[in-house]
Each structure stands twice: as C-alpha cells, then as structure tokens.
C-alpha cells in the first residue's frame, strides 16, 4: 500500500478516503525473540519500544527467584525474560479469544494494551524480587503499605514519560489517556479506591469487556498468563516437572456471561487440569520458593541491606540523594536499584558497611543460620505465640541463647485465596452448550483432592551454629511444641530438627515484622 499512488487506487476502485484506515493496518515488521520456554516469539514493534528503555532493561539484573538462585544453581533467570514471556502469552490468550469469538469485538487496541500490560506488570520489582517488597521494605518502613504492583504502575508512568512514548503509542492507534489507564488497571487493579465497591470500578474498559482484566493478573481466581509463564520458566530452571500445559487451556478458553459480566471460562473436562495447575504451584512452593535454606539466605541478605541502608547513596531526580529504602519514592533513583547492591556492599571497603559486608561474606562462604525445625499451627494462634518463641530461652542447658539468636518465620501457605478453593471461582462450559457458564464443585471431581486449602507453619532458625547451641535450641523447640500440642518435630541425625510437611502455598508476597526476629512470610 505505501507504494500505490492515488491514480493506481482510483483504477482499482478504491476511494482515497479509505487509504488511511487501510494503511494503518499491519504494515510493520515483528521482532523475533528466541525464548527457551516459548520458542521463537514475535512481538509488535510498539512492545519493542517499551523493551528498549533503561527502565525495562533494568529487569535483566533482578533475579526472578531472589535468593533461591543461591540454592538451585539453574535458577539464574531474571524478571526481564519472564516479562517478555508474559507479554507474549497475554497476546496469545486475547487473540485466541478474538479468533474463537469475533462477537466479543476485541480491537487491535485491546490486544496491544493487554500485551503491554503483560510486558510491564513487573516493572516495580526491587532487588531480589519478593525479598525486597516482602521482607526488606516492611522492616525498614513498617508503616508503608507498599506493593510492587503499585511501583510497577509508577515505573510505567515514568518509562512512558521520560522516553516520550505517548506519541509512539498514539501512532500505533492507542487512545490516551484511556488506554494508559486500562494498561495500569490490568497491572494493579482499580486505580480509584473510592469506587472499589461500585458495580464496575474500572475506567479503562466498560463492563462488556470485563474478561480483558482476567488475562494478565486475574483477581477472580488466579488463573492468568503471569502464572503460566513462571510455572513453565521456574520449573525449567529449577529442574522441577511442570504438569500444567497452558497451550491446552488456550484451546478451550472462551468467554461466557455470568450475572452481567463476561468471564473467561474453560471446558468442564478441564477441571482436573486446573487442579493440577494449583498442585504445580504447591510443588514449587514446597520444594523451591519456601526452601528453608533459600528463605534464610534471603533473611540474611535483608539483614545486610538494613545495616547498609543509611550508607548507600543513589542519585535520583533533580540530583536528590536516596537510600535503598527511600529509592521507592523516586523512579529515577529506583531505576538504578537492582541486585547489584549485593556486590556493591560485598566488595566495599567503607568502615560503615563492615557489618553488612560481614553478613554477605558469610553467605558466599556458606556460613548460614541453621534450621532448628518447623511445626504446623492454626492461623488464629500465630500472633499469640510468635513473639513467645523468639523471646523464650531454653532451660536445662548450658548454652547461652537469647531471643536475638533466633529467627522465627511464620509461614502462611494456601492456593492463592487463603482458606478458599480457587476453583470455586472458575466457570466452565459444556460441549453441548458453550454459551452457558456453570460451576463444578470439588466433590464432583475427585475424593482425593485437598480437604483444606490453607496451612500455617512456624520455622525456627538459630544464628549460632556451634553444636552446643544447636543441640540446646533443638531440645527447647521440641519441648515448646509438645507443651502447646503442636506437631512434634522429629530429630535428625545432624543435630537439628525438621518435619517433612506437604505445604499449600499462598500469594507471592512476604511480610516481616520489625519488633523482633520474627519473620512472617507469605509467598505465592
């Protein structure tokens, strides 16, 4: 079309007024990325413009699994490749729905916005991913209700502004500011808290396109392309089998109307595969994300960052100086904050960083805090006894142990919706009536499925690693569990205690208390 003159078009019977609409079509070159998980994938040039910015390239230097890489040698992948994968899968799902149901009136602008949201959903992650927003920030800024999703929205705004992408987005047919709002709503949910309780709290798209909000970050049941990518990618790098096939879900996904809103549904026969998806999530948490060594490494890194925080200077906007913890308030400074802060402290020579440097040196020399054991407990009891564990002293031993010698992690794990079964929020359709949405209860599927979908446990570490201290800590922990009718830890031959527990994971967040060495972990 760019080579056709007005005369050529008139001979073909094409009116000149139609040319702008036609020429705005797919006259562009897709860029190919060779991804180890999804193979050769093609991305729209507008997505590439987002990728080729310092704010997005920063994700190359943030480990997807944080400290887990220091336990699993293959887990060296970063937020960068995960984000590209999510952007690609977001496009796959929205285009599959469009091809299967053209009556949904999904536009090219919708597709682009969904892809951009998938691509940019993790822009706000800090050093070592969830360690930063789940452990470090809650300890240094305890009153701060800061989440990486909102940081992603702030970084997205910063990226668009400083790289002048508004004009580029408009050239590709997007409407601003509506499409900017739509992209950010997909990442972090409704942006206006005053309308959260209304029938439709979103502004980027009308209720008729409610299903578009279930692609990147599905708040309704947790089945979204973000999980699809990190299941496949994390399993690949961890060496763990992935039993969920997202390609099969793509084949059966369609939109059905439920009480005035349109939701993404799947075939009734796929209910077992969705339970397998959450089982895969369970396995990843049990074997990797909540690995006791990985958790304590992240605890030690957090301790080092806290000690180093006042002494690290990061230049932000207008030449202002920020620390590790205050960089989240300035996106220019936050752009410079990546995993490199670990090496910056480790290889420093400044006297004021000596304590932080010593902790990180212990990590690289594998002088880690030791796990004394873990036991299960009920949720309502957690706050009542967590501090009791950290502040109690073992009796009947010669070891000199104080509360400061213990790290106590209270871990909540579920299927992503606390005590609820997420499949209860999934709608299905039958082959003979694909327009009618139905629900399938657990008892209709199998009697072997979980009875409970949440579990809590307490995991205790000892900072002192000599045999005498570990033996004393072990004896006290066993007695403490017995006195409270908790599951009794079983002794190991290597002088610590542990219980092999099958765990049910929760959301990928981590909360750490400040008053003592109590660590409350929530990850998913």
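Values quoted throughout were computed directly from the atomic coordinates according to the rules given, and no laboratory measurement underlies them. Keep in mind that this is a model prediction, so the values were computed, not measured. Note that each Cβ is placed from the backbone with ideal geometry, even for glycine, and that neighbours are counted across all protein chains shown.
Miscellaneous remarks
- Here the calculated FRET efficiency for residue 157 and residue 431, from their Cβ-Cβ distance with R0 = 35 Å, stands at 0.20, rounded to the nearest 0.05.
- Computed FRET value (nearest 0.05) for residue 245 with residue 147, which takes r as the C-beta separation and R₀ as 41 Å: 0.85
- Relative contact order computed over segment 291-368 (Cα-Cα under 8 Å; 6+ residues apart), in percent: 33 percent
- For residue 364 and residue 269, the FRET efficiency from 1/(1 + (r/R0)^6), where r spans their Cβ atoms and R0 equals 60 Å, is about 0.75.
- Segment residue 311-residue 439, length gained on full extension (0.36 nm per residue, minus Cα span): 40.5 nm
- Ranked list, fewest to most other Cβ atoms within 10 Å of each Cβ, for 470, 196, 344, 212: 196, 344, 470, 212
- Gain on full extension, evaluated as 0.36 nm per residue between residue 376 and residue 484 minus their Cα-Cα distance, stands at 37.8 nm.
- Three-way shape label, segment 112-176, alpha-carbon gyration tensor, a/c 1.5: prolate
- Dividing the convex hull volume of the alpha carbon atoms of segment 77-136 by its residue count gives 81 Å³ per residue.
- Fewest-first ranking of 70, 105, using other Cβ atoms within 10 Å as the exposure measure: 105, 70
- Ascending count of other beta-carbon atoms within 10 Å, so fewest first, for 236, 246: 236, 246
- Value of Rg/Rh across segment 291-368 [Cα atoms, Kirkwood radius]: 1.01
- Judged by the ratio a/c of the largest to the smallest principal axis of the C-alpha gyration tensor, segment 238-374 counts as oblate, that ratio being 1.5 or greater while a/b is no larger than b/c.
- Extension gain (nm, one decimal) between residue 320 and residue 194, 0.36 nm per residue minus Cα-Cα: 42.1 nm
- Relative contact order for segment 267-328, counting Cα pairs under 8 Å that sit 6 or more residues apart, in percent: 17 percent
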